[in-house]
Amino acid sequence: MELRVLRYFLTVASEDSITNAANILHITQPTLSRQLMQLEEELGVQLFVRGKKAITLTEAGMLLRSRAEEIVDLENRTEKEFLNQKNFLSGEIFIGAGETSGMKELARIIKSFNKEYPQVKYDLHSGNADDIKEKIDKGLIDIGLLTEPVDIGKHEFVRLKEKDNWGVAMRKDDPLSNKEYITPRDLKNKSIVCSKRISIQNELANWFGNDFESGNIIATFNLINNAIAIVESNIGYAICLESLVSDRSNICFKSFYPRLETGSVLVWKKNQIFSTATKMFIEEIKKEFK
């Protein structure tokens, strides 16, 4: 006997009607009738007395109803016991993250996952996309939060919803701080500090167009705090994302015009064997960004 068929039987017994039971079970009446007849043939007994308006259980049917209720109840309790064991899920998830506003979205998922599985711990590593991708490929990091543009052809990924603006971090007493936004011509012949990632430099070169001069780049960085020290010393302008320079007393941010936006992606290695905690966390990510 299949549990599915026993559930069918119990629904019919409860409703005293094959038609009503079929509607509840979302199957056709002929399919349900055939399943019941096959169950009777399998047991070698008649389970129902079929009347014009209703059906009633035979003595054998009442016995099966009692046993079926016990079996289905046992199945339900067993499922709940194993589901409850998930609450004792433990382990450590290794996450690499660049400096990006997407961390807020990732933190929200971690908060939700932590509420359900409080024994799981998280190891957070900060770095740029190239550093994190290398560690993912070596198996040192499970999941990476990367700022685009980035090559993710060899990884599974989900794209986050939030976007961030590119622009310039500068001292508040700089003449350009009075402008509403920054154009490529505003930065012509200016000393620039930018990300060391080649993909980002290429993106910026496209934005600058004919006004781009590679010789203007006096320094590169992988994390923004070091770049801000250069800006504070009045050595140059840091090209960065808006979310990275908020709430700084002596530094302001001006967005690019034409506007240049970027997004973030959560990535993990294809065909990687993960811990149970990491697998379940990835499923949570997929569900969130489906």
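The values are calculated or read from the model by the stated rules, or taken from the named source; none is laboratory data. Keep in mind it's a predicted model, so treat the numbers as computed, not measured. Because the Cβ atoms are built from the backbone with ideal geometry, glycine has one as well, and the counts that use them run over all protein chains shown. Heavy atoms of the whole protein, side chains included, go into the accessibility calculation; ligands, DNA and RNA do not. Shrake-Rupley method; radii C 1.70, N 1.55, O 1.52, S 1.80 Å.
Side notes on the structure shown:
- 1.4 Å probe accessible area per residue over the chain, in Å²: 57 Å²
- Highest to lowest packing among 108-116, 150-158, scored as the average C-beta count within 10 Å: 150-158, 108-116
- Quarter of Cα convex hull surface for the stretch 1-138, i.e. mean projection, nm²: 13.4 nm²
- Ligands, DNA and RNA left out, the accessible area of the stretch 153-202 computed with a 1.4 Å probe is 45% carbon and sulfur.
- When only the Cβ of Lys, Arg, Asp and Glu is charged (+1, +1, -1, -1), the dipole of the stretch 1-129 relative to its Cα centre reaches about 400 debye.
- Dipole magnitude (debye, nearest 20) for the chain, charges at Cβ of Lys, Arg, Asp, Glu: 380 debye
- Full-extension gain in nm, residue 16 to residue 45, via 0.36 nm per residue minus C-alpha separation: 8.6 nm
- Here residue 255 and residue 31 are evaluated by their C-beta separation; at R0 = 51 Å the FRET efficiency comes out at 0.25.
- Largest-first principal axis extents of the Cα set of the chain (Å): 95, 37, 34
- Neighbourhood net charge (13 Å Cβ-Cβ; Lys/Arg +1, Asp/Glu -1) for residue 158: -2
- Computed over the chain with a Gaussian network model linking Cα atoms closer than 10 Å, the most mobile of 13, 238, 169 is 13.
- Projecting the Cα atoms of 124, 278, 225 onto the charge dipole of the chain, computed from C-beta unit charges around the Cα centre, puts 225 farthest toward the positive end.
- Relative contact order computed over the chain (Cα-Cα under 8 Å; 6+ residues apart), in percent: 21 percent
- For the stretch 93-216: span of alpha carbons on each principal axis (Å, largest first): 53, 30, 21
- Annotation: the antiparallel percentage among DSSP beta bridges lying fully within the chain is about 60.
- Gaussian network model of the chain, springs between alpha carbon atoms under 10 Å - residue of 129, 54, 227 with greatest fluctuation: 54
- Theoretical ellipticity at 222 nm over the chain - DSSP helices of four or more residues, -39500 (n - 2.57) apiece, nearest 500: -13000 deg cm²/dmol
- Long pairs among 104/138; 135/163; 135/196; 133/286; 111/254; 104/161, criterion Cα-Cα beyond 21 Å: 104/138; 135/163; 111/254
- Farthest toward positive dipole pole in the chain [+1 Lys/Arg, -1 Asp/Glu at C-beta], among 8, 96, 182: 182
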